[in-house]
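Below is one structure, written out as structure tokens; the observations come after it.
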């Protein structure tokens with residue numbers, strides 16, 4: 001992770017977090033550990049837990065507890081009670097900066113630990129679902145400190161969401177099921193950045209891709225990109241592999257289960273385990289067969305295979321490794337620099353959701369280009385003048 005390594009070296013000299021405690025709720029795996037160590041190098045005391053009960057790698061959690069200034073409370077396959085107890089421990093440390101993936105820390109702060117709000121400078125949010133929740137809070141005037149929407153910046157969306165989700169989700173599906181993608185009907189629910197990445201990657205593997213959408217503009221975009229576009233109702237009858245990416249609830253439900261082909265594979269690449277109606281399947285299945293990373297629900301004579309309990313398929317399967325390291329180098333570089341920005345400027349910002357400063361986005365891009373040995377052109381003074389002029393002649 002050369003970009004993060006450069007930032008770690010800078011932080012080691014500057015100590016931008018000296019005397020500060022940072023609280024984190026992220027997927028605890030090796031790439032995340034590199035971000036934690038970068039923050040610690042900057043002088044922070046870091047307390048971290050998981051943001052998904054199945055995405056922690058226990059060996060990484062154990063290793064983090066050996067790093068000076070770091071405490072990790074995450075555990076794989078924890079119960080709901082253990083999950084929130086770990087969040088409570090992070091908050092007990094009194095963080096002044098938060099880094100979230102899904103907004104669980106911020107939600108807990110605003111609902112269960114309001115006593116700590118006055119000491120929080122601000123935070124950063126990693127994923128689409130978390131940003132949706134934060135914007136809803138801000139619209140109601142209930143977000144009491146500033147949060148940077150790391151997910152919404154180009155350097156996150158164009159690479160993490162498109163290439164990271166696209167490759168890691170499909171990799172986990174193939175490893176877990178030992179299924180061929182080529183020739184199959186792959187149904188992608190949602191054509192945001194994650195969905196379009198998945199659709200492109202699946203097509204590249206030889207899949208016949210179907211996209212379902214609720215936004216007419218994105219649906220038209222998917223059509224123009226060469227994919228089949230239809231309702232989930234219709235796609236349920238055709239699809240072999242389903243991947244939800246909407247960040248919303250009830251995307252594949254009882255009315256769709258009844259239409260699925262025998263042996264259909266369902267998976268989720270959104271954040272929370274609400275896109276597939278797991279409760280219905282558990283309640284109405286004639287039998288459930290448990291295997292590593294797969295639950296097979298026998299429903300009225302046909303088998304429906306659900307991966308990773310309907311949770312993030314790229315991380316929650318036993319062999320899920322998350323996004324490729326080259327992608328997370330960019331995303332965690334953004335997190336590190338945005339955390340420094342919040343540490344420096346958060347107290348002067350009102351409560352609300354803020355974009356990643358453009359200079360940070362561009363800095364990460366330039367560092368990555370440099371690490372790849374790539375160079376680009378520089379705009380000339382003549383070109384600047386031309387772009388800023390309205391009277392350019394005829």
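Evaluation of residue 350 against the conditions (1) not assigned by TED's automatic domain parsing to the domain that holds residue 54; (2) not in a helix (DSSP H, G or I) shows that the sole unmet condition is (1). In this entry, residue 103 is excluded by the filter for residues that are over 29 Å from residue 58 (Cα atoms), crowded, with 19+ Cβ neighbours inside 10 Å and in contact (Cβ under 8 Å) with a residue 24 or more places away in the chain. Flag: residue 226 matches the condition of being in contact with a strand residue (DSSP E or B) (Cβ under 9 Å, 6 or more places away or on another chain), touching a residue at least 12 places away in the same chain (Cβ under 8 Å), assigned by TED's automatic domain parsing to the domain that holds residue 310 and surrounded by fewer than 24 Cβ atoms within 10 Å (Cβ to Cβ).
Residues in segment 163-197 that are part of a helix (DSSP H, G or I), surrounded by fewer than 21 Cβ atoms within 10 Å (Cβ to Cβ) and free of Cβ contacts under 8 Å to residues at least 60 places away in the same chain: 1 in all. The number of residues in segment 110-142 that are at negative phi and over 21 Å from the mean Cα position of the chain (by Cα) comes to 15. The listed residues are 139, 93, 149, and the only one of them that is touching a residue at least 40 places away in the same chain (Cβ under 8 Å) and out of contact with any helix residue (DSSP H, G or I) (no Cβ under 8 Å at 6 or more places or on another chain) turns out to be 93. Scanning segment 79-92 for residues that are touching a strand residue (DSSP E or B) at 6+ places or on another chain (Cβ under 9 Å) and within 10 Å of residue 53 (Cα to Cα) turns up just one, 83.
Name the residue, out of 104, 58, that is closer than 30 Å to residue 317 by Cα and in contact with a helix residue (DSSP H, G or I) (Cβ under 8 Å, 6 or more places away or on another chain).
Details: 58 fails: in contact with a helix residue (DSSP H, G or I) (Cβ under 8 Å, 6 or more places away or on another chain).
Among 104, 58, only 104 is closer than 30 Å to residue 317 by Cα and in contact with a helix residue (DSSP H, G or I) (Cβ under 8 Å, 6 or more places away or on another chain).
The values are calculated or read from the model by the stated rules, or taken from the named source; none is laboratory data. Nothing here was measured: the structure is a model prediction, and the numbers come from that model. Note that we place each Cβ from the backbone using ideal geometry, even for glycine, and neighbour counts take in every protein chain shown.
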